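Before any comments, here is the structure.
The values are calculated or read from the model by the stated rules, or taken from the named source; none is laboratory data. A quick note: this is a predicted structure, and the numbers were derived from the prediction, not measured. Cβ: placed from backbone, ideal geometry, glycine included. Neighbour counts: every protein chain shown. SASA here: full protein model, heavy atoms, side chains in, ligands and nucleic acids out. Shrake-Rupley method; radii C 1.70, N 1.55, O 1.52, S 1.80 Å.
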Amino acid sequence: MSEAHALRESDLSIRQLIDGLAENQAEQVFLIDPETGQQINFRESKERIVSFANMIRGKGITSGSAVAYAFSNSVDSALAILGILYGGYLATAINLVAGESTITYVLNHSETKLVICDDGGLKTITSSLEQAEVDLETCKLSEPLAAAANLGTLHADETDDGLLMYTSGTTGRPKGVVLTQSNLIAGGTNTATAHELTAKDRGLCVLPFYHINAFCVSLMGALVTGGSLVIPQKFSTSSFWNLIRKHNCSWFSVVPTQISYLLHNADKPDGSSEGCDHLRFGRSASAPLSPEMHEAFEKRFRVPIIETMGLTETAAPILSNPLPPLTRKIGSPGIAYGNEVIIADEFQNEVSRGMEGEILVRGRNVLRCYLKNESATNEAITKNGWLRTGDLGRMDEEGYVFVTGRLKELIIKGGENIAPREIDEALYSHPDIIEAAAFPVACDNYGQRVEAGVKLSEGSKVTTEELMKICHDKLGHFKSPDHIYFLPDLPKGPSGKIQRIKLAELVFVE
């Protein structure tokens, strides 16, 4: 058994995991800052992580308390989050694009004691800090840190709560997802298992650390295998392929909107994947990837895209397609890795293969609870430990899941259920579509009707009539949108997932 595999299979706390890597792989590079060229190995990483943990303890904050982070991606920000976890505190993610009201709510609801931030993060949350009803301090990421020292009696156990991340709900207040340290390690382990990651792999992280994908897939995936991670400040189509070339990245994790942007940037001088032969695969998550876009990306860039599915509540991945040469099924996020997945009826009983139902998941990666929300926890997690995802799907005879929609997103027109994804995929079949999303609108005749918003590539002359014809040909008139809105951008959450309800609000405000 390899050392990395042994680490993944052990029930460790994050502190024990970091200690083991600092001892056994001390000089191996862990994190890379492409802006400065800084490379930091596991020994140096531990020293910085311990310093962050000591700084928090030095402020008198007790173990288990919420310590929030509000910053853009960097090597230091990754180490700060790991320092929070190493010290036994509850790392609380602040979504920097969530808006003042939501950030204020998160600070109050989590009873945050300290916020670690960079200049941009502090500027974003200043108003929320002024309105917060809890007593809290702030610490700049760039402030000098205490020298690494023995943490004494401070202890972090694998069963301790590790990460608090608020889901971006479409209505009402977001729910605080509580993940234990064991959950987080399971998330990284499931990623590593599905993608056969080893200490030789180097990932590219282009999603923000306040999103579960970046934290559990990219950072924890590298940590549990003893691999390395390149951390640019943000995603950029103009630098994406150059980063992979320059730093010999073997994999990356993105969302479908980023795949779309890369595809539409392919004809520009900086849009070529030439010289990236060392790249094993890219992975797509957080939202369904249209088959047309999937196939176009692979044909253009000659990089296999592994479609996956994950949730904040499951420390990211639950399903993944296998790596080539094993079977990948376009339009499916794959099979279960590291957890159990079934398709169930309204009573949470498993249905026959090929039948539609709700996707349920059970395993070490499933959240402990929703913070201060027992009713939501009991509604989401069954007595048998199954998490109700709210996603509809079917499973074929080989165990591949095909997502058909969201329970709460179904458009009910004249009594017939219409999955918005069907309309999305029809629109994405046109090469000029960068973003597309269908949504319901109240209708006196049918209860609801279908409408859609799209973002076009620069210089596109596509017309409403052309897009309508595509929909009519692929879907028939009944399921086709009654109106298509051309927009500069579609509203998205922190993961890049298009938010349908906000889209409906946007077009009717305009």
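Restricting the first member to the stretch 237-253 and to residues that are without any contact (Cβ under 8 Å) to a residue 24 or more places away in the chain and among the acidic types (Asp, Glu), and the second to residues that are open to solvent by less than 20 Å² (accessible area, probe 1.4 Å) and not in a loop (DSSP other than H, G, I, E, B), no beta-carbon pair is closer than 9 Å while six or more apart or on different chains. Taken over the stretch 339-353, the criterion of being open to solvent by less than 50 Å² (accessible area, probe 1.4 Å) and out of contact with any Leu (no Cβ under 7 Å at 6 or more places or on another chain) is satisfied by ASN339, ILE343, VAL351. Scanning the stretch 379-423 for residues that are part of a loop (DSSP other than H, G, I, E, B) and among the charged types (D, E, K, R) turns up LYS383, ASP396, GLU397, GLU398, LYS408, GLU409. Taken together, LEU475, LEU503, LEU467 contain a single residue that is of a type in the set (A, V, I, L, M, F, W, C), surrounded by 17 or more Cβ atoms within 10 Å (Cβ to Cβ) and within 25 Å of the chain's Cα centre (by Cα), which is LEU503.
Within the stretch 424-450, the set of residues being assigned to a loop (DSSP other than H, G, I, E, B) and among the charged types (D, E, K, R) comprises ASP432, ASP444. Scanning the stretch 134-165 for residues that are of a type in the set (A, V, I, L, M, F, W, C), at pLDDT below 65 and open to solvent by 20 Å² or more (accessible area, probe 1.4 Å) yields LEU145, ALA146, ALA147, ALA148, ALA149, LEU154.
For the stretch 211-231, residues that are more than 9 Å from the chain's Cα centre (by Cα), not aliphatic (A, V, I, L, M) and not in a helix (DSSP H, G or I) total 3.
Which members of the stretch 294-338 meet the condition of being aromatic (Phe, Trp, Tyr) and open to solvent by 30 Å² or more (accessible area, probe 1.4 Å)? Result: TYR337, single match. Would you be able to say whether some residue in the stretch 364-376 is touching a residue at least 60 places away in the same chain (Cβ under 8 Å) and in contact with a Cys (Cβ under 8 Å, 6 or more places away or on another chain)? The answer is no, given that none of the residues of the stretch 364-376 is touching a residue at least 60 places away in the same chain (Cβ under 8 Å) and in contact with a Cys (Cβ under 8 Å, 6 or more places away or on another chain). Note on the stretch 1-100: enclosed strands (runs of 3 or more DSSP E) holding 1 or more residues that are of a type outside the set (A, V, I, L, M) and farther than 29 Å from THR124 by Cβ are 39-41.
Of all residues in the stretch 84-112, those satisfying the criterion of being touching a Phe, Trp or Tyr at 6+ places or on another chain (Cβ under 9 Å) and either at pLDDT 95 or above or among the aromatic types (Phe, Trp, Tyr) (or both) are ILE84, TYR86, ALA91, THR92, ALA93, ILE94, TYR105, VAL106, HIS109, SER110. Exactly one residue out of VAL230, VAL255 is in contact with a helix residue (DSSP H, G or I) (Cβ under 8 Å, 6 or more places away or on another chain), farther than 28 Å from ALA437 by Cα and crowded, with 19+ Cβ neighbours inside 10 Å, and it is VAL230.
The single condition from (1) at pLDDT below 90; (2) surrounded by 15 or more Cβ atoms within 10 Å (Cβ to Cβ); (3) of a type in the set (A, V, I, L, M, F, W, C) that ALA442 fails is (2).
Taking the stretch 71-112 as the range and being without any contact (Cβ under 8 Å) to a residue 60 or more places away in the chain and crowded, with 22+ Cβ neighbours inside 10 Å as the test, the residues that pass are LEU79, GLY83, ILE84, TYR89, ILE103, LEU107, THR112.
For the stretch 277-293, a residue qualifies if it is open to solvent by less than 10 Å² (accessible area, probe 1.4 Å) and assigned to a loop (DSSP other than H, G, I, E, B), and the qualifying residues are ALA285, LEU289, SER290.
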